[in-house]
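What follows is a short report on a single structure.
Just so you know, all these numbers are worked out from the coordinates, no wet-lab data involved. Quick caveat, the model's predicted, so the values are computed rather than measured. Here the Cβ positions follow ideal geometry from the backbone for every residue, glycine too, while neighbour counts run over all protein chains shown.
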Amino acid sequence: MMDLFLQTLANALIQSGTYALASSGLALAVGVLHIVNFAHGEFLMVGAFVAYWLSVLAGIDPIVSLVPAGAVMFAASGVIYQASIRRVLLAPELNALLLTFGIGITLQNLAVLAFGATPRVVHTAYQLTAVTVGPVSVGVAPLITLVVSVTLLAGMYAVLYRTGVGKSIRAVAQNRTGAHLVGLDVDRIYLLTFGIASALAAIAGSMVLVRIGASPHMGFGFVLKAFAIIVMAGLGNLTGVLWASLVLATAEAFVRTYVPGGGGAAEAVFFLLIFFTLVWRSWRTA
Amino acid sequence: MRWVGPAALCVALLVPLVPAGGYQQYVVQVATFVLINAAVALAWDIQARTGQLSLAPAAFFGLGAYAYTMAALRGVPLAVAFLLGPLVAGVVSLGLGIVTLRLQGLYFAIATLAFAEVVKVIFKELPLDLTGGAVGLTAPPLLGGHQTGLYYLGLGVFLVVVVASLAVRHSRLHYAFTAIRQGELTARVLGVRVVRTKLLAFVLSAALIGMVGAYATSRLFFVIPEDTFGIGLSVTALATAIFGGVYTTAGPVLGAVILRSLEEVLRLVLREGYLAVYGVILMLVILYLPGGLVSLWNRRSRDVAGGD
């Protein structure tokens, strides 16, 4: 009984690592650029496929591939920013939402065209091994993804709060005009932030590849969950993302374990939480 | 411009009579799907005129579809089952509208999206003998499944939505909707009953989409949660309206004719992934033609006649 409880808790912790990584990018884009990037899930998908092909064609371990996956998406998002996002930053916020929606649908369907809709998986030696601590057994692969997520998140916080670039990013997030007045190149900061946010999504993608696999449609589920998380955290609140990831991953894991036939219900938990959080907040503050 | 509507209606009436030989059935089928897409996009647009971007059309479409199917399978007369479609969608949208009333812009969009996903999961997880679970149900066809008859019924459904759209456009509601879209606070100061008007737009739009859902199901003969409540439906609706031109009646219809025909061609060529077209069009229109195709026409007629 207790064993099952601890196991569920361990699963939740590991899942929350991936969620936090995927959501942090989204929160960063919302907090700094004030755009909600609906294509974030597809960026994650791109990362997963980059890692997949590197593994299949060059035999590179997907964990190592998080570097090229992140780099590819960093560069690609730069192009996307210059060609499109930049033009809608000052337009009504729904334009940006629809634009990124369009980017997401395009990427997703291009992936279907290029790779087919069938999910793909990679095989590594460590995927089959597990570490057992007392009653809890955790796969080595999920454990690695948790370590990577924690490291990267710590790195991101270090950059944001301990470096000059981070200070500039936070300044732009706080007040675009003010940052511009004191001589910061707002456009470049936006470009950089969007790049980092997108790279985080791609890295999360290569983590998902190791644990589950890659498919063109994988992004949508993740972006919805990432929305749930950043909405719970309060839009743009980065520290809140960590807590919200933990809460939502735990809720999901426990529904999955303890509710009969809970696989499908676990999906609904997320959306119910996002829905009620939004509604509750809107009525409380009004 | 006055002749365009009647002319288009004549063309629509004549579609089943086109002598297309072996392709006759196919032409009517595509025309039916154009009508369905146009009706959903147009109904979505009515609600969008208040400035609220709903991502839940799929939910109301699905509710209408399931209401019709589940009632019809339990022996309810088909005509009554059909009317249950808009009724159920309308009632549910009233509830959703009331709780999401205070959400603005982005938050409203995300809440409606979450709502649509929850409804989908609920229908998937309900007992099998009730909703058929993930496999869905077979729907009894209206009019005995007669294709040409169903086409004309579809035309009727479409015309109901067109009339609703035009009625809103040419009544005082038009000013209320526009005022709310451009600034809720200002609208309130001007004496617009904001809450009531927004709810009216939301429920009217949802009920119309529910009606289209019931009709589409009687034409497609089945409901499946993944498709009937699919996000693809919402994407198509808003991409169609935005491509053609939002806040107009002609825009979504024009958008549906072009996009759905294009989709049919691409479906034959690509078989899957053809939705990329919707994505690309959405991107290009937002970037280069925020008023949609209709704005091209209006720009020209303004040059010529000095007005739209």
* Would you point out the residue of region B:10-25, among those that are touching a residue at least 60 places away in the same chain (Cβ under 8 Å) and loosely packed, with under 15 Cβ neighbours inside 10 Å, that is farthest from B:Tyr278 (Cα to Cα)? => B:Leu13
* Residues of region B:103-124 that turn out to be more than 7 Å from chain A (Cβ to nearest Cβ) and outside any helix (DSSP H, G or I), as a count -> 1
* **Criterion: over 24 Å from B:Leu150 (Cα atoms) and either more than 10 Å from chain A (Cβ to nearest Cβ) or without any contact (Cβ under 8 Å) to a residue 12 or more places away in the chain (or both) - qualifying residue of B:Gly292, B:Gly230, B:Gly213, B:Gly255** => B:Gly292
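Residue-by-condition table, conditions (1) among the hydrophobic types (A, V, I, L, M, F, W, C); (2) within 22 Å of the chain's Cα centre (by Cα):
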position: B:Val80; (1), (2): yes, yes
position: B:Leu83; (1), (2): yes, yes
position: B:Leu101; (1), (2): yes, yes
position: B:Gly105; (1), (2): no, yes
position: B:Ala114; (1), (2): yes, yes
position: B:Thr131; (1), (2): no, no
* Single residue of region A:76-93 satisfying the filter (outside any helix (DSSP H, G or I) and either more than 10 Å from chain B (Cβ to nearest Cβ) or of a type in the set (A, V, I, L, M) (or both)) that is farthest from A:Leu33 (Cα to Cα) -> A:Ala91
* Taking region A:82-97, which residues are among the hydrophobic types (A, V, I, L, M, F, W, C) and surrounded by fewer than 22 Cβ atoms within 10 Å (Cβ to Cβ)? -> A:Ala83, A:Val88, A:Leu89, A:Leu90, A:Ala91, A:Leu94
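Conditions (1) of a type outside the set (A, V, I, L, M); (2) within 19 Å of the chain's Cα centre (by Cα); (3) under 21 Å from A:Ala48 (Cα atoms), marked per residue:
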| site | (1), (2), (3) |
| --- | --- |
| A:Ile80 | no, yes, yes |
| A:Pro92 | yes, no, no |
| A:Leu113 | no, no, yes |
| A:His123 | yes, no, yes |
| A:Leu128 | no, no, yes |
| A:Val131 | no, no, no |
| A:Gly134 | yes, no, no |
| A:Val150 | no, yes, yes |
* Asked: Would region A:114-122 turn up any residue that is at the interface with chain B (Cβ under 9 Å from one of its Cβ atoms) and either outside any helix (DSSP H, G or I) or surrounded by 13 or more Cβ atoms within 10 Å (Cβ to Cβ) (or both)?
  -> yes
* Among the numbered conditions (1) in contact with a Leu (Cβ under 8 Å, 6 or more places away or on another chain); (2) closer than 17 Å to A:Ile229 by Cβ; (3) not basic (Lys, Arg), tell me where A:Val46 comes up short. => (2)
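One line per residue, one yes/no per condition, for (1) part of a helix (DSSP H, G or I); (2) surrounded by 13 or more Cβ atoms within 10 Å (Cβ to Cβ); (3) of a type in the set (Gly, Ala, Ser):
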residue: B:Pro6; (1), (2), (3): yes, no, no
residue: B:Val27; (1), (2), (3): yes, yes, no
residue: B:Thr32; (1), (2), (3): yes, yes, no
residue: B:Leu35; (1), (2), (3): yes, yes, no
residue: B:Ile46; (1), (2), (3): yes, yes, no
residue: B:Gly64; (1), (2), (3): yes, yes, yes
residue: B:Ala72; (1), (2), (3): yes, yes, yes
residue: B:Ala79; (1), (2), (3): yes, no, yes
residue: B:Gly90; (1), (2), (3): yes, yes, yes
